[in-house]
Amino acid sequence: MKITKNTIIIALILMNVAVVAFFLLMKPDHPIPPRGPKEIVVEKLDLNKDQRKKFEGLVQEHRSEMKQLHEEIRGAKKSMYRRALDFPKQEDSLLEDLSEKLIAVDKHNIMHLRKVKKMLKKDQLPAFNKMVDNIDRIFHPRPPKPRQEGPGRPPRPPHNN
């Protein structure tokens, strides 16, 4: 039996179609949404239905107030840089104004956490305390680690700018 070039091409095309069909059929119907901080908190604290509803309200309130604080910070920074360059003697007072706004963000976050803690049951408090100890990982996850070069991996090409 002689295999011709056309037979090989047809076989390769059919295999490619089969692989594409496999991946299309195996794709989940609903994409899995990424878990944000809110979902992580609900899971870690094992909130019941009523607590979830209260928590959702607290989150909406918190986001609204944080949005306003961040807008104030952006405006203060924009103004500060221009004014500090034009009036160097005002730099310290401008930085102090900005630092007060940044401190207000953390104060607001602490108040929000107190409200969340207040709605919890006694048996949920250990999970809350553990969550707070690792809160930076929930709200500011680490970026992926850079790829390690090693045996079997080609070196990265030089970065040219």
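The values are calculated or read from the model by the stated rules, or taken from the named source; none is laboratory data. It should be emphasised that the depicted structure is a prediction, and the values quoted were computed from it without experimental measurement. Here Cβ is always computed from backbone atoms with ideal geometry, including for glycine, and neighbour counts include all displayed protein chains.
Table: residues versus (1) at pLDDT 90 or above; (2) acidic (Asp, Glu); (3) under 30 Å from LEU125 (Cβ atoms).
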| site | (1), (2), (3) |
| --- | --- |
| ILE3 | no, no, no |
| ASN6 | no, no, no |
| ILE13 | yes, no, no |
| GLY57 | yes, no, yes |
| SER64 | yes, no, yes |
| GLU71 | yes, yes, no |
| ARG83 | no, no, no |
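Considering each of LEU85, LEU47 in turn, give the residue that is outside any helix (DSSP H, G or I) and not small (Gly, Ala, Ser). I'd like the intermediate steps shown before the answer.
Working: LEU85 fails: outside any helix (DSSP H, G or I).
None of the other options fit; the residue is LEU47.
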